[in-house]
Each structure stands twice: as structure tokens, then as C-alpha cells.
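Notes follow once the structure below has been shown.
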Amino acid sequence: MGSIFRPLRMQAAWHVLGAWLLAALALSCLASPAAGAAEPLELRPGESSYPLSPKLTYWHDAQANAGYGDAFQHADSGGFAPLPDGSPAFGFQTGAYWFHLPLRNLQADEPRWLLVQEYALSDKLDLYVRYPDGRIVHETGGDHVSFSSRYIRYRHPNFRIDLPHDEPVELLLRVQSQSSMQVPLVLYTPRALAEVMRDAQLSTGIYYGIVLALLCYNLVLWLMLRDAGYFWYLLHTGAFGLVLFTLNGYGFEYLWPNSPWLADASVPMSICLALIGMQLFTRSFLELRERWPAGNRVSLCLAGFFLVLGIASFWLPYRIATPVASRAVLFGVVWIIAATIVMLRRGYRPAQLLLLAWTLFLLGTAAFTLLAFGVLPVNFWTHNGVQIGSALEMLLLSLALGTRYASLRNENIRIVQETNERLERSVIERTRELRAAMAQLGEANVQLREYSRRDPLTGVYNRRHFREALQSMLDARRDSGQPLALLLLDLDHFKRINDGYGHLAGDECLGAAARCIEDVATPRGGLVARFGGEEFVVLLPGFQPPEALQLAEAIRLRIQQTPVICGSNAIRLSVSIGVHTIAGDRGSAPEDAIRNADEALYRAKDDGRNCVRHSMSVA
């Protein structure tokens with residue numbers, strides 16, 4: 001019997017040993033993570049935001065035909081790889097990208113988190129959250145999905161994620177986009193995201209405040225000066241503001257929240273519009289048509305190419321139009337810098353500020369473009385390079401325009417002075433040669449000088465004589481100590497008269513207003529001149545503030561009570577007057593006196609027109 005049962009006992013012993021080995025193997029497998037499984041990101045107490053790039057793994061689905069089940073299997077088998085150099089920027093790519101990250105929330109008081117994709121131009125995002133019980137929650141986002149579907153009304157795509165305490169949860173994100181493949185994912189608590197949004201509103205508000213202020217300021221200058229350079233500056237600044245408005249996600253948030261087509265087309269279209277403004281502004285500023293015809297033709301050709309590309313972007317696929325437009329920015333700015341350097345070498349000094357402005361813009365744009373193509377990593381400088389560079393560029397361009405205008409004005413003054421000097425020398429030489437006609441020539445010269453001092457339309461003195469008289473009176477006042485009053489007058493709503501009755505009637509009104517002013521001011525020793533357009537100026541030596549205000553009121557009443565008869569129409573006028581007085585014991589520059597009177601005039605305009613206001617700063 002013992003010999004019969006001995007083989008059976010040996011066989012049972014082997015079975016028991018095998019069972020123990022299998023159990024030990026199973027326990028070891030449970031105790032250690034599976035091969036290729038990523039370590040979960042632990043959300044520890046005290047932390048309210050987590051950039052996910054350091055822990056994120058990805059898989060490029062080149063055919064974009066895998067489902068989330070395939071992606072989860074791929075992740076479980078270790079088929080996902082860490083981000084290259086930890087950077088979530090891949091450039092313009094085809095297919096779909098899957099991103100995987102296991103999480104474990106160790107914060108018992110924070111079960112609700114927000115996943116934010118901090119890049120606004122991704123087309124379609126699909127988020128899958130797998131819980132330990134096998135449940136999978138799916139959410140969608142991106143600018144090809146209605147903006148109203150976002151959990152929080154925020155310019156960046158965002159998703160709410162419920163993370164139970166101390167339980168493993170897996171995030172799987174699928175991104176497919178014709179835009180640059182940038183996936184800077186950050187996990188926030190609701191409070192942390194609110195603080196980020198507040199800070200972003202401040203910085204964005206500062207930037208767009210600068211843009212809006214520059215637009216308004218240069219719009220006023222363009223309306224006053226009608227210089228083409230200001231118009232092209234307005235086009236470039238406005239269009240580039242729209243570029244950043246779109247790139248930062250505000251266009252999709254505020255302008256076209258339900259139009260994926262506009263969300264795509266607006267990017268290359270606004271870039272091309274800004275490029276056109278850049279080229280034509282530079283062409284006008286550098287005066288390429290007169291100073292460098294070959295460079296002028298290149299700028300026009302580039303502007304034409306950008307125009308064609310902008311129109312074609314309505315039909316071209318986004319993956320074609322936007323990379324071409326992005327590269328065109330670099331080429332356009334490089335050409336502008338090259339043209340500016342050429343003009344500097346030719347002695348055109350206003351190009352110095354232009355060179356500095358476009359260099360800063362090139363640096364910021366290059367950083368952003370190289371980020372879009374995945375060459376540079378995501379950081380503060382690459383992410384905000386366009387805003388920083390463009391803000392400095394816009395400020396410097398505005399300053400360059402002002403410097404150029406001042407240079408042209410000084411050049412015109414110099415030309416006029418040289419012309420007058422040549423004329424005087426010619427008169428002197430001819431006087432020597434024609435002694436017999438000296439008296440007649442002297443009379444003609446006097447008439448010519450008097451004519452050069454008079455405004456041909458109204459008959460009063462012109463602005464040039466006014467400036468000379470003002471300087472002369474200011475010099476004399478320093479010796480005599482007498483006060484001096486300056487009145488600046490502007491006919492109210494004069495454009496309506498030109499539009500309603502015609503420019504000839506407007507000329508009649510200007511002449512009538514000039515006569516009314518002379519009738520009141522000239523008997524009191526005043527000097528009346530036309531300052532420009534519908535503006536007149538009166539100099540009153542020896543007038544104290546009360547006397548000046550009284551005379552200004554008399555002028556206002558005379559103009560108001562004297563209708564202008566033009567054909568069958570009786571046109572009534574009104575005038576706003578700014579008064580500035582200079583006390584006898586203080587000095588004052590002509591520009592300061594004019595500016596103070598002008599400020600008083602604007603107060604009169606703001607107070608309803610047809611009134612008199614003092615500068616409130618009696619010097």
C-alpha cells in the first residue's frame with residue numbers, strides 16, 4: 001500500500017509547490033506596476049496648479065483613425081512616449097495626437113479640477129477620463145466646437161474633471177488640428193484658474209489699451225494732417241491688433257463663437273492685412289518712390305502678394321494658408337529691415353527709429369513663429385514675444401512718425417527761409433543795377449511784403465505774420481511789463497456750412513467772420529489773423545483778463561448777431577473762444593501761450609460751443 005500511495009503523495013507535493021509559486025508571481029505582479037506603465041501624477045495638498053508636460057506621454061496617430069479604446073490599450077502596453085525635451089509644441093502636423101496621464105488626487109477637499117489647454121487655436125479636442133470602476137467620461141472642446149459648450153467662458157479650451165480622493169484616474173486627450181500642434185496642458189483648482197484669468201485680463205487689458213490709445217491718437221493726426229503714413233500705420237496697428245486678438249482666443253470668444261470657418265480664416269486673413277499695412281507704411285515712411293524706386297517696386301510686389309494670399313485664405317485650407325502667412329511675416333519684416341538699412345546708408349536719418357522698431361518686432365515675431373513650428377520651447381518670452389515686440393514696435397513707429405513730421409516741418413521752414421533770403425538778395429542786387437527805378441521797386445517790394453502777410457481769402461493777417469507779431473509782442477512785454485491777451489476763435493459746425501451751402505458760401509462766412517472780429521478788436525489795438533481753416537486768433541497788448549474776456553464776449557455776440565447773406569440764404573454763425581492772458585511779470589514762450597489758449601478753446605467746445613472760456617492758468 002505504501003508503495004502505491006508514494007507516487008500520489010509526490011504528485012500532490014508538486015501541485016502544492018506550483019500553486020505557491022503562481023500565487024507569489026501574482027502578488028509580485030500586483031505589487032509592482034505593469035511594464036511600460038507611467039507613474040501617476042500625485043496632486044498633493046498645498047498645490048493648486050500642475051503643468052502636465054513633465055509627466056505627459058503622447059502617441060502620434062498618423063492616420064487619425066484610432067478610437068479611445070485603441071489608445072487606452074496602446075497606453076497600457078507602454079506605447080506612449082514622453083514629450084520630446086518636455087515640450088508640448090510639435091509644429092504643424094497631420095493626423096491626431098493622443099496624450100495620456102494617470103492621476104491620483106491626494107487632496108480630500110479638492111474633488112473638482114479644471115484641465116486647461118493653454119493654446120486657443122486647436123480645432124478639436126476629445127477628453128476621455130477613465131475611473132477605477134471602468135467608467136469613461138467623454139468631453140469635447142476646441143474652436144471647431146461652439147464656444148458655449150466650454151465649462152467656463154474662457155478663451156482657452158477647458159474641461160471640468162472630477163477626481164475622487166486617493167483613487168487612480170486616467171486622462172486621455174485626443175487633439176486633431178490644422179493649426180500648430182501645441183498642447184500646453186495645465187490642471188487647476190477653480191480658485192487657481194480664477195486668479196490666472198484675473199492676471200491675464202490685466203496684462204491683456206494693458207496691451208490692448210496701448211493699441212487702442214495709439215489708434216485713437218494717430219487717427220486724430222491722420223484726420224488733421226492727411227499724411228498717408230498715418231493711414232498705413234492705422235491699418236497695420238489695427239490689423240495686427242486683430243491678429244493677436246485672434247491668436248489669443250478672444251476672436252472666437254467675442255466675435256465668432258459659433259463659426260469654426262471664421263475661427264480658421266481670420267488668422268491668415270488678419271496676418272496678411274497686417275503685412276500689407278507694414279509694407280505700405282514702410283514704403284511711405286522711407287519715401288521709397290522718390291528715394292529708391294527699385295525698393296519701392298519690391299514693397300509693392302510684396303503687398304500685392306499678401307493681398308492675393310489674404311483673399312485666397314478664404315478658400316485655402318488652414319493647414320496651407322496659416323503656415324505660409326506665418327513664414328511671410330518673417331520675410332516681410334526682414335525685407336523692411338533691409339530697406340531701412342539701405343535708406344540709413346543713404347543718409348535718411350528718420351529711418352533710425354524705424355530700424356529699432358522693426359528689429360524688436362522681428363525678434364518677438366520670430367520667437368512666436370518658431371514656437372508655432374516647434375523649434376523653440378514654450379516659455380514666457382516665446383509665448384508673449386509677439387505682444388512684447390509689437391507693443392514696443394507700435395510705440396516706436398508712432399514716435400518715428402512724429403519725428404519725421406517734425407523733420408519735414410523744419411525742412412519746409414528752412415526752404416521758406418532760404419527762398420525769402422534769396423528773394424531779398426535778388427531785390428537788393430536789382431536795386432543796385434536799376435537805381436533809376438529804386439522808388440518804384442521799393443513800392444513793389446512793400447506791396448509784396450504786405451501781401452505775404454495777409455490771408456488772401458479773408459484779408460486779415462496770416463499765421464506767419466501772427467507768429468512774428470506774437471514773438472515781437474512777447475519780447476516787448478518783457479521790457480514794458482504790460483500784460484498780453486491771446487484769443488483763439490473757432491467757428492462752430494463749419495463743416496455743416498460747407499456741406500449744406502457749398503464751399504463758396506463757406507468762404508463768404510469766413511470773410512464775414514473776419515470782418516466782425518476786426519470791427520471789434522482793431523479799434524482797441526488788437527491784431528487779427530487767420531490761424532488756419534475756420535480758426536482765427538487775436539492779439540491784445542495791454543489787456544488784463546477781465547478786459548480780454550469782455551472783448552471776447554463782444555466778438556462772440558457780434559458774430560452771432562450778424563447773419564451772412566449768401567444768395568437767398570441767411571446763414572447764422574456762432575463761435576467758440578479760448579482766452580489766455582500773460583501777466584506782465586512773467587515770461588512765456590509762444591508755443592505755451594498758443595497751447596493754453598487752445599486748451600481753453602477745447603473747454604468752450606466741450607461746454608456746448610458758442611461761449612468764451614479762460615485758460616484758468618493766468619501766467
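The values are calculated or read from the model by the stated rules, or taken from the named source; none is laboratory data. Remember, predicted model here, so these are calculated numbers, not experimental data. Using ideal geometry, Cβ is built from the backbone for each residue, glycine included, and neighbour counts are taken over all protein chains shown. These area figures cover heavy atoms from the full protein model, side chains too; ligands, DNA and RNA do not enter into them. Shrake-Rupley method; radii C 1.70, N 1.55, O 1.52, S 1.80 Å.
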_Checking the structure you have, find out if any residue of segment 260-273 is at pLDDT below 85, assigned to a helix (DSSP H, G or I) and aromatic (Phe, Trp, Tyr)._
no
*Select from segment 136-170 the residues that are among the aromatic types (Phe, Trp, Tyr) and crowded, with 20+ Cβ neighbours inside 10 Å and write down the one among them that is farthest from residue 43 (Cα to Cα).*
147
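Among the residues of segment 34-44, is there at least one that is at pLDDT 50 or above and in contact with a Phe, Trp or Tyr (Cβ under 6 Å, 6 or more places away or on another chain)?
No, because not a single residue in segment 34-44 is at pLDDT 50 or above and in contact with a Phe, Trp or Tyr (Cβ under 6 Å, 6 or more places away or on another chain).
Return the residues of segment 94-121 that are surrounded by fewer than 18 Cβ atoms within 10 Å (Cβ to Cβ) and within 21 Å of residue 59 (Cα to Cα); say none if nothing qualifies.
Selection gives 94, 95.
From the list 591, 535, 553, which one is of a type outside the set (Gly, Ala, Ser) and either in contact (Cβ under 8 Å) with a residue 60 or more places away in the chain or within 23 Å of residue 476 (Cβ to Cβ) (or both)?
That would be 591, the only listed residue that is of a type outside the set (Gly, Ala, Ser) and either in contact (Cβ under 8 Å) with a residue 60 or more places away in the chain or within 23 Å of residue 476 (Cβ to Cβ) (or both).
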*Looking only at helices (runs of 4 or more DSSP H) that fall completely inside segment 384-486, which ones have 3 or more residues that are open to solvent by 40 Å² or more (accessible area, probe 1.4 Å) and modelled with pLDDT of 85 or more?*
463-480
_Which listed residue is among the small types (Gly, Ala, Ser), at pLDDT below 90 and open to solvent by less than 20 Å² (accessible area, probe 1.4 Å), from 576, 588_ = 588
*Hey, can you tell me all the residues within segment 523-541 that are surrounded by fewer than 16 Cβ atoms within 10 Å (Cβ to Cβ) and not in a strand (DSSP E or B)?*
523, 524, 525, 533
_Please pick out the residue among 316, 355, 309 that is in contact (Cβ under 8 Å) with a residue 12 or more places away in the chain and part of a loop (DSSP other than H, G, I, E, B)._
316
*asked:* Where the second residue is in a helix (DSSP H, G or I) and the first is touching a residue at least 60 places away in the same chain (Cβ under 8 Å) and lies in segment 500-514, which pairs have Cβ atoms under 8 Å and are six or more apart or on separate chains?
replied: 505/497; 505/498; 509/494; 509/497; 513/559
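Can you spot a residue in segment 105-120 that is of a type in the set (Phe, Trp, Tyr) and within 19 Å of residue 166 (Cα to Cα)? It would help to see each step written out before you state the result.
First, pick out the residues of segment 105-120 that are of a type in the set (Phe, Trp, Tyr): 113, 119.
Still in the list and also within 19 Å of residue 166 (Cα to Cα): 113.
Scanning segment 105-120 turns up at least one residue that is of a type in the set (Phe, Trp, Tyr) and within 19 Å of residue 166 (Cα to Cα).
Check 173, 225 and return the single one that is open to solvent by less than 70 Å² (accessible area, probe 1.4 Å) and either β-branched (Val, Ile, Thr) or within 30 Å of residue 106 (Cβ to Cβ) (or both).
173
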*Any idea which residue in segment 228-254 is nearest to the chain's Cα centre (by Cα), counting only those that are of a type in the set (Phe, Trp, Tyr) and open to solvent by 20 Å² or more (accessible area, probe 1.4 Å)?*
245
*Return the total of residues in segment 296-315 being buried (at least 17 other Cβ atoms within 10 Å of the Cβ) and under 24 Å from the mean Cα position of the chain (by Cα).*
8
*Please enumerate the residues belonging to segment 181-238 that are at pLDDT below 85, farther than 25 Å from residue 357 by Cβ and among the polar types (S, T, N, Q).*
201
_Let me confirm something: among 505, 600, which residue is part of a helix (DSSP H, G or I), under 26 Å from residue 468 (Cα atoms) and not polar (S, T, N, Q)?_
600
*asked:* Regarding segment 109-121, can at least one residue be identified that is among the β-branched types (Val, Ile, Thr), within 30 Å of residue 250 (Cβ to Cβ) and out of contact with any helix residue (DSSP H, G or I) (no Cβ under 8 Å at 6 or more places or on another chain)?
replied: no
*For segment 122-135, how many residues are touching a Ser or Thr at 6+ places or on another chain (Cβ under 6 Å) and open to solvent by 50 Å² or more (accessible area, probe 1.4 Å)?*
0
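From the list 190, 257, 293, which residue is within 30 Å of residue 152 (Cβ to Cβ) and open to solvent by 50 Å² or more (accessible area, probe 1.4 Å)? I'd like the intermediate steps shown before the answer.
On the way: 257 fails: open to solvent by 50 Å² or more (accessible area, probe 1.4 Å); 293 fails: within 30 Å of residue 152 (Cβ to Cβ).
Matching residue, one of 190, 257, 293: 190.
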